[in-house]
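Structure first, commentary second.
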Amino acid sequence: MTGKATQPEEFDAYWQAVDEELAAIPPRPTFEVDHERSCDEYTVYRVRLTGIGPYRLFAYYSVPTGDGPFPAVYEVPRYGSVNHVPDHLDRLRYAVLVVMHRGQRLADSPFVAPYPGLLTLGIEDPATYIYRAIVADCLRGAEFLLNRPEVDPHRVAVTGDDLALITASRRPEFSLIRYAVPMLYRPLEARQLSGDYPIEELNDLLRLHPELEPSVGRTLALVDPLFHAPRITARTIISVGASGTSSGAVFLDPLFRALGGPVSTYDLTFAGGTDHDRLDAMVAEQLGVPVMSRFARMIG
C-alpha cells in the first residue's frame, strides 16, 4: 500500500513553536452560568478562552455540586460544526469540559469552518494548515481544565478522536485517554480504505491535484498521532472497529506498539447502547466513579 509517512525532521521544532506561541497569549477565561442547563446536581458554565491568533474560543464546562476535587473528563471537539453540552450522566460524576475550536458553532467569528473542506484547509503548507491552530485550541482547553482548583489532578481523562492523543502527548498530565474514530492516523493509507467523509476530502483534493501528494503527506505527518504516541504515558483505551478498515486491529497495530503507556482495547459491537455502556464503565472504573447506563432498562 502506498502513502506511508515518516516523521518529518521538523516535527519537534514545529510543535515546540506552537507551545511557545500559545504560552505567549494569556487565556483570559470568562465564565457565565448557563441556568437552562444547570440543576441542583451540577452547574454548567459558558466559558470563553483565548487561543493563538489571538482567537476567542468557546467551551461548556460543567462542575458537580459538592466538595471537590472531582475527577474530570475533557471531550476534545469532534469533526463537525456543532459540539454539544456534556451528557447529563457525565455531568453528575465529573467536571466536564467540551471545547469548540475555531470555526465551530459558538466559536465561528470571525472564521466559519467549512464542512466538508476543513480537513484540507491550508494543507499544502504546515505553517498554514488549519489543524496547527485546532491542536493549539485543544491544548488551551487542556491547560484550562488541568489547572482548575476543583479538579483532581490525578484523575483526568481526555476523550475523542486523534486530537485526544495529540493533546495528551503535549500535555502529559492526563491519566487516561479514550480514543475512537481515527481520522489523522496514517491518513494517506486510510484514504485508500474508505470513501467516507471526512477522509474522502483527501481523495477529492488529490484527484484534482495529484502533484500535491508529497506536500500533503509532509503536512499530515505532523498531526499523525502515530508520531505523537511515544510521548504518551497515560493509559489509552482504543476502540477497535471492523477488520480491513482504518479502525481495525491490523491497521491500528503500529499505534498500539508506538504508545508509550499501557493500552487497553475494546472491540466495538456496533450496538450503540452496548458499546456506550461498556466504554463508560472502562472510564468510570479508572477514574473511580459509579458506572451509569445512558439507556433505560426494562425490568421484569
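Some notes on this structure:
- Taken about its Cα centre, region 38-182 carries a charge dipole of roughly 240 debye when the Cβ of each Lys and Arg holds +1 and the Cβ of each Asp and Glu holds -1.
- In a DSSP loop and with at most 16 other Cβ atoms within 10 Å, the chymotrypsin sites (Phe, Trp or Tyr not before Pro) in region 223-300 are Phe270, Phe295.
- Computed from point charges on the beta carbon alone (+1 for Lys and Arg, -1 for Asp and Glu), the dipole magnitude for the chain about its Cα centre is near 300 Debye.
- Val98, Val289 arranged by Cβ crowding within 10 Å, fewest neighbours leading: Val289, Val98
- Virtual spin-label span in nm between Arg207 and Glu10, 7 Å along Cα→Cβ: 3.0
- Each peptide in 131-137, 187-193 was scored by the mean count of other Cβ atoms within 10 Å over its residues; highest first, the order is 131-137, 187-193.
- If you plug the beta carbon distance of His276 and Glu41 into 1/(1 + (r/R0)^6) with R0 = 22 Å, you get a FRET efficiency near 0.60.
- Extreme residue, positive dipole direction of the chain, given options Pro254, Thr50, Ala284 (C-beta unit charges): Ala284
- Computed [θ] at 222 nm, deg cm²/dmol, the chain (DSSP H ≥ 4; -39,500 (n - 2.57); rounded to nearest 500): -9500 deg cm²/dmol
- Backbone N under 16 Å from the Asp34 label point (7 Å along Cα→Cβ), restricted to region 57-74: 57-65, 73-74
- Computed about the Cα centre, the dipole magnitude for region 145-275 is approximately 520 debye when only Lys and Arg (+1) and Asp and Glu (-1) carry charge, each at its Cβ.
- Selection from Tyr60, Ile238, Tyr129 lying farthest towards where the dipole of the chain points positive, charges on Cβ: Tyr60
- Shape of region 153-300, Cα gyration tensor, a/c cut at 1.5: oblate
- Of interest is the spacing of the C-alpha centroids, which for region 37-96 and region 145-211 amounts to 19 Å.
- Taking region 63-104 and dividing mean pair separation by its residue count, relative contact order in percent (alpha carbons under 8 Å, at least six apart): 51
- Rounded FRET efficiency, nearest 0.05, which uses the C-beta distance separating Asp125 from Asp196 and R0 of 22 Å: 0.25
- Spin-label pair Ala242/Asp108, simplified geometry with 7 Å Cα→Cβ offset, distance in nm: 3.1
- Taking only alpha carbon atoms, the chain gives an Rg to Rh ratio of 0.96, where Rh is the Kirkwood radius.
- In the chain, Cα pairs under 8 Å separated by at least six residues give a relative contact order of 15 percent.
Readers should treat all values here as calculations from the given coordinates under stated rules, not as data from a laboratory. Please read these numbers as outputs of a predicted model, since none were measured by experiment. Every residue, glycine as well, gets a Cβ built from its backbone with ideal geometry; the counts of neighbours run over all protein chains shown.
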